[in-house]
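Enquirer: Have a look at the structure that comes next, please.
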Amino acid sequence: MNHQIDRQLVERAALLSRLELSESEIAQFSTQLSAIVEYIEKINTLHTEHVEPLAHCLPVHNVLRADEPRGSLSNAEALANAPDTIDGYFKVPKILDDNSGA
Amino acid sequence: MSDFQTALELRDAIAAQHCSSTQAVQQMLNRIEQVDPTVGAYLSIFADRAIQDAKRIDQKIAAGQPVGPLAGVPVAVKDNLCTTFGTTTCGSKMLEHFVAPYNAHVIERLQAADAIIIGKTNLDEFAMGSSTENSALRKTVNPWDSSRVAGGSSGGSAAAVAAGLCAASLGSDTGGSIRQPASFCGVTGLKPTYGRVSRYGLITYGSSLDQIGPLTRDTADAALLMNIIAGHDSRDSTSASESIAVKPDYLADLKQPINGLRIAVVPTLNAGAEASVQNAIEEALKVYQSLGAERIEITMPHFDYAIAAYYVIATAEASSNLARFDGVHYGYRSPNAGNYIEVYSKSRDEGFGPEVKRRIMLGTFALSSGYYDAYYVKALKVRNLIRQDFVKAFEKADCLMLPVSPTTAFKIGEKTDDPLQMYLADIYTIAVNLAGLPGLSVPCGFDAKNLPIGLQIITNAFTEDKLLRIGQMYQSVTDWHKRNLPL
Amino acid sequence: MSLNYNIIVGLEIHVQLATRTKMFCGCELEFGQPPNTRVCPVCLGMPGALPVMNKAAVEAAILTGLALNCTISRFTKWDRKSYYYPDLPKNYQISQYDLPLAENGYIEIPLEDGTSKKIRIRRAHLEEDAGKNTHTLGNFSAVDLNRAGTPLLEIVTEPDLNSPSEVRQLAQELQRIVRYLGVSEADMQKGHMRFEPNVNLHITQDGQVFKTPITEVKNLNSFRALERSIACEVNRQLDEFLATGKTLQIGNKSTYGWDDVNQMTVLQREKEEAHDYRYFPDPDLVPVAVSDEWLSRIASRLGELPLAMQQRFVRDYGLSDYDAQVLTAEKSTAVFFDAAVRCGAQPKRICNLLTQTGLKLANEKQTTVDALGISPGRLAALANMVEAGQISATSATVIFETMTQTDEDPAQIAEQKNLLQKNDAGEIEALIEQVIWENQKAVSDAKSNPKKAKKAMGFLMGQVIQKSKGQANPKIVAELLNRKLMA
């Protein structure tokens, strides 16, 4: 795989991760990430056809809780760290597009 | 300067009323005031609160009431552990003024043990780094040489123990962040098995890799801390229940040496460390052999791929875990944001430092469409291969011993321009996190510059009791861990 | 030029599960609370907080999957879907990507002509709901996270629906099913059930088939809106095709919103954005394995489904399709009806009592028929009294109402209230003699004036019943009166 992280890839990753990078950051990340990805490429020299991906080392499943209330925060506690609020809501600049995913 | 007391010694002294907790805490606060402006271990100090807590404990002891196993002992916690008192900053501008609405599980456990939480320690921003230079809020130096780094990311926790600014501390370890600073600062550091300590309230970096663990003066203190913080917590789905692994009393058999200890070593790996480190490890192995241990040479064929796999998995998880820092619900919001999209993009650009952004970018790339299978899924497969290497190693041996870091503490600023070089120094610690195993760092000597060297011991999952006993065997016949600072 | 078309509709449906608490935390699910008061560190996406899966949500999802004839995955997991939006506090949604809980099922829907049709279900998976953004008139939006973390079952059908009424039938049938299962309140106005149809046309023009671009319709909050929006889209797409000839291509799917005031679909987004959701397994959660034992325990809660019950009532009880549908609209009514019939009474009589009186009373008291305080046995007894002519239909209503207030059986009430019908021919004959004597004019009309016979007969009947204080059985009165006049 081509491991050159060009400007376009950096800009795409920055957009996806909502980072408004400066020109110099884009240039710097392009160089640094290229070097890192080139190094990471070594994993693709290993043959892993018959190897299961290991997302988790802990051999557990079905960790489920009973459907019982555990209490909530007060409105004041919930908003205590909020940069901006209005009438008990979190306040943000007007959302113009409907981009909800659910 | 007098010897620093261990947490266990201090606890016993307080319990026996040879000294009061209030005195111990006050002395510690005085020392912090004197020394920490140089060391820079702490991001916040809870002086009044600590004194009040200490007085309460002293009253309980005086009244003959039962107290917890760490009663009156001043401890420090890494500032990525949520506390309802003070701020929880993660060493980031993003959370500089953040006050958590809840306490982390380990904080509750420390409080239940009657420990005195004296302050919160510096770290690489969001625990991303190996030198604590990535903290956006403070510079921490190595107490052994102030021109050098304390290691990271739990640099503040390691420096605080080394400089006598707390009796013991908690750190977190995602790729070596407890063991490496412990090694650089000459203290004992334990990264427990994944799932042994609840992550509830630990601000997440890499969810499948993070573990909280103790940084202490010796293995006995590490065992004492593990008795307090380990165990199941229903609020963390990845916390091991008793049916997975029973929690032992880590102090009970600590002093029992392990007969016929089989130690695995990987000669090709050790050869990658600088000479002073290699020598110190060889000397340590000789000490064990003199105690009757057997040395077995093995290979770990996939160890060499650990860094590559780690930087895919950890950054992929981080890119998602750190998405929540968006300037909407808490944390830094850019004053320059015109619309709601800019609230995200400007707040995140201004609120995060370069290393955090680099890792978010890398992780986003690894998860993005077209690259997911080649990088993320592939890395998970490599992770499995690495775990299998360990499984095979533990069929032949009780433990694996190797260096913690290829070098001793490096100069401040030495590696900041080359992130890849910084990553490559994690070679000895990272595989342990990928395999979810416990790893212990114990001081095993000094180099020519009088900088501490750490020996890393790794055992099978959920055998921290055995791991600590192996460490204790060494510390019972050596005194590297008792060396005091040249200050 | 010949032109005909088929309507092709697939549905994406979100059903809010009626658990007590949220999917990953212990916040209570309560509609209409003040903003941001049913929130905790977990559903606020606070740093360090961790999700723990609600068992009831998993079971409700599996139960629904079974009711929709799906294959239940024996191994499933949780994935993160990443996108930034202020109502999504973590900026990722916990969902299921490649291993949904349920797959490959179907829902059988009743059609207006009395037949039924199977609509295939592609998949059903569990995910957490987002909060709510309120778009104000000012230059800001307000975010409430009370709803964030509510368990949702996302159900995706194959494009098997071919008319607006089929779409409505599916929606209503699904509502009936989830209410029968008790897994959702399924109130569309409250957003418990949200339907997003994907609509297009397959147009055959001069022997060639053209597919119009697919549109997704949003903001549908009633069955009527759902049905009408499809009809609107059909007309709009047909017009558009005839005007432009535009056909389906990759990436030209657009989104339309339903404008309830103007009763039309309005373009919201021209092209589908190329989303990159970066799905990956949530490392804070562990997989779910569904054992045989667990699955059969859940399946035992399934019970008879509404359509099956409706069909049985028609088949076994000889009810009309309409009656059966009314009775099975709510599970409590259907089960109560069935129980009463099993106590030994004529189904149609029970049906009439329930639909004409029972449902009205239940509605007035805002409860269900089974909660009116009448046992199925007593209802059957009441039905049998009507059947035997012991009481009139009007009296049955009075007795029914009284039964909801007292603990007496219908015969007792009928006696106390003097509602038992007089069936004694001798007694009734005496009354008839008296009425004939007092109304000679009407008698002669009834006998010999064909124009007035029917009216006169009715008058005489009324007189007899009045004299009996309403207790004479009209059937017997008519019979005897006829015989008398013919004589």
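Enquirer: Per Stokes-Einstein, at 37 °C and 0.692 mPa s, what whole-number D in µm² s⁻¹ belongs to the stretch C:3-292, with the Kirkwood radius over Cα pairs as the hydrodynamic radius?
Expert: The diffusion coefficient I find is 163 µm²/s.
Enquirer: Here's a follow-up. Kirkwood Rh, Cα Rg: Rg to Rh for the stretch C:93-139?
Expert: Over the Cα atoms of the stretch C:93-139, Rg/Rh equals 1.27.
Enquirer: How big is the accessible area of B:GLU350 in square angstrom, nearest 10, if you roll a 1.4 angstrom probe over the protein chains?
Expert: 50
Enquirer: May I pose another question? Normalised by the empirical 2.2 N^0.38 Å for globular proteins, what value does the Cα Rg of the stretch C:425-486 take?
Expert: 1.00
Enquirer: With a 1.4 Å probe and all protein chains in place, put C:ARG38, C:ARG122 in order of accessible area, largest first.
Expert: Ranked list, largest accessible area first: C:ARG122, C:ARG38.
Enquirer: Between A and B, buried accessible area summed over both sides at probe 1.4 Å, in Å² to the nearest 100?
Expert: Roughly 5500 Å² of accessible surface disappears when A and B pair.
Enquirer: Take C:LEU101, A:LEU64 and sort them by solvent-accessible surface of the protein heavy atoms, 1.4 Å probe, largest at the top.
Expert: A:LEU64, C:LEU101
Enquirer: Compare B:TRP480, C:TRP78 by solvent-accessible area with a 1.4 Å probe and give them largest first, with all protein chains kept in place.
Expert: Result of the area sort, largest leading: B:TRP480, C:TRP78.
Enquirer: Tally up the carbon and sulfur contribution to the accessible surface of chain B as a whole percent, 1.4 Å probe, everything protein left in place.
Expert: 48
Enquirer: Beta carbons within 10 angstrom, averaged per residue: use that to sort the peptides B:302-310, C:214-222, highest first.
Expert: B:302-310, C:214-222
Enquirer: Next up: Given only helices, namely DSSP H runs of n ≥ 4 each adding -39500 (n - 2.57), what is the per-residue ellipticity at 222 nm of chain C, to the nearest 500 deg cm²/dmol?
Expert: After summing the helix terms and dividing by residue count, I get -12000 deg cm²/dmol.
Enquirer: Residues of B:198-210, mean number of Cβ from any other protein chain within 10 Å of their own Cβ, rounded to a whole number?
Expert: 4
Enquirer: Please compute, for peptide B:368-377, the average count of beta-carbon atoms on other protein chains lying within 10 Å of each residue's beta-carbon.
Expert: 5
Enquirer: Evaluated at 37 °C with a viscosity of 0.692 mPa s, what Stokes-Einstein diffusion coefficient in µm²/s does chain B have when Rh comes from the Kirkwood expression over alpha-carbon pairs?
Expert: 148
Enquirer: Another one. Using a 1.4 Å probe and ignoring any ligands, DNA or RNA, find the accessible area of B:THR407 and quote it in Å² to the nearest 10.
Expert: 40
Enquirer: Below 8 Å, C-alpha to C-alpha, sequence gap of six or more: please give me the relative contact order for chain C in percent.
Expert: 13
Enquirer: Still on this structure, I have one more. Find the accessible area per residue for the stretch C:106-239; the probe is 1.4 Å, ligands and nucleic acids are left out, and the unit is Å².
Expert: Ligands and nucleic acids excluded, the result is 36 Å² per residue.
Enquirer: Given the DSSP H assignment, sum -39500 (n - 2.57) over each helix run of at least 4 residues in chain B and divide by its residue total; what's the result at 222 nm in deg cm²/dmol, nearest 500?
Expert: -11500 deg cm²/dmol
Enquirer: Here is a follow-up. Starting at the first residue of the stretch C:43-48, write each ³J(HN,Hα) from the Karplus equation 6.51 cos²θ - 1.76 cosθ + 1.60 with θ = phi - 60°, in whole Hz, x for Gly and Pro.
Expert: 7, 7, x, 5, x, x
Enquirer: Still on this structure, please answer the following. Quick one: Kirkwood hydrodynamic radius for the stretch B:158-305, alpha-carbon pairs, angstrom, one decimal?
Expert: Over the stretch B:158-305, the inverse of the mean reciprocal pair distance is 17.2 Å.
Enquirer: List, in the order given, every pair from B:LYS139/B:LYS415; C:LYS22/C:LYS90; C:LYS22/C:LYS190; C:LYS331/C:LYS365 whose Cα-Cα distance in the structure shown is over 20 Å.
Expert: Checking Cα-Cα distances, every pair stays at or under 20 Å.
Enquirer: What's the whole-number percent of alpha carbon pairs in the stretch C:304-416 lying beyond 17 angstrom?
Expert: Distances greater than 17 Å cover 49 percent of the Cα pairs.
Enquirer: Pairwise over distinct Cα atoms, reciprocal of the mean inverse distance: report the Kirkwood radius of the protein assembly as shown in Å, one decimal place.
Expert: Kirkwood hydrodynamic radius for the protein assembly as shown: 33.5 Å.
Enquirer: Hey, another quick one. I need the Debye-formula profile for chain C: one equal scatterer per C-alpha, no solvent, reported as log10 I(q)/I(0) at q = 0.11 1/Å, two decimals.
Expert: Scattering profile of chain C, log10 relative to I(0): -1.00.
Enquirer: Order these peptides, B:200-207, B:126-133, by their mean beta-carbon neighbour count within 10 angstrom, highest first.
Expert: B:126-133, B:200-207
Enquirer: Further question: Considering only protein heavy atoms and a probe of 1.4 Å, how much of the accessible area of the stretch C:107-241 is carbon and sulfur, as a whole percent?
Expert: Exposed carbon and sulfur together represent 46 percent of the surface.
Enquirer: How many percent of DSSP beta bridges within the protein assembly as shown run antiparallel, rounded to 5?
Expert: Among the beta bridges of the protein assembly as shown, antiparallel pairing accounts for roughly 80 percent.
Enquirer: Which pairs break 20 Å Cα to Cα here: B:LYS247/C:LYS55; C:LYS417/C:LYS467; C:LYS422/C:LYS469; A:LYS42/B:LYS411; A:LYS94/C:LYS81; C:LYS117/C:LYS211?
Expert: B:LYS247/C:LYS55; A:LYS42/B:LYS411; A:LYS94/C:LYS81; C:LYS117/C:LYS211
Enquirer: What ratio of Cα Rg to 2.2 N^0.38 Å holds for chain A?
Expert: For chain A, the normalised Cα radius of gyration is 1.74.
Enquirer: What average count of beta carbons from other chains do you get within 10 Å of the Cβ of residues in B:89-100?
Expert: 2
The values are calculated or read from the model by the stated rules, or taken from the named source; none is laboratory data. Treat the numbers as computed from the prediction; the structure is a model and nothing was measured. Every residue, glycine as well, gets a Cβ built from its backbone with ideal geometry; the counts of neighbours run over all protein chains shown. For accessibility, only protein heavy atoms count, side chains too; no ligands or nucleic acids. Shrake-Rupley method; radii C 1.70, N 1.55, O 1.52, S 1.80 Å.
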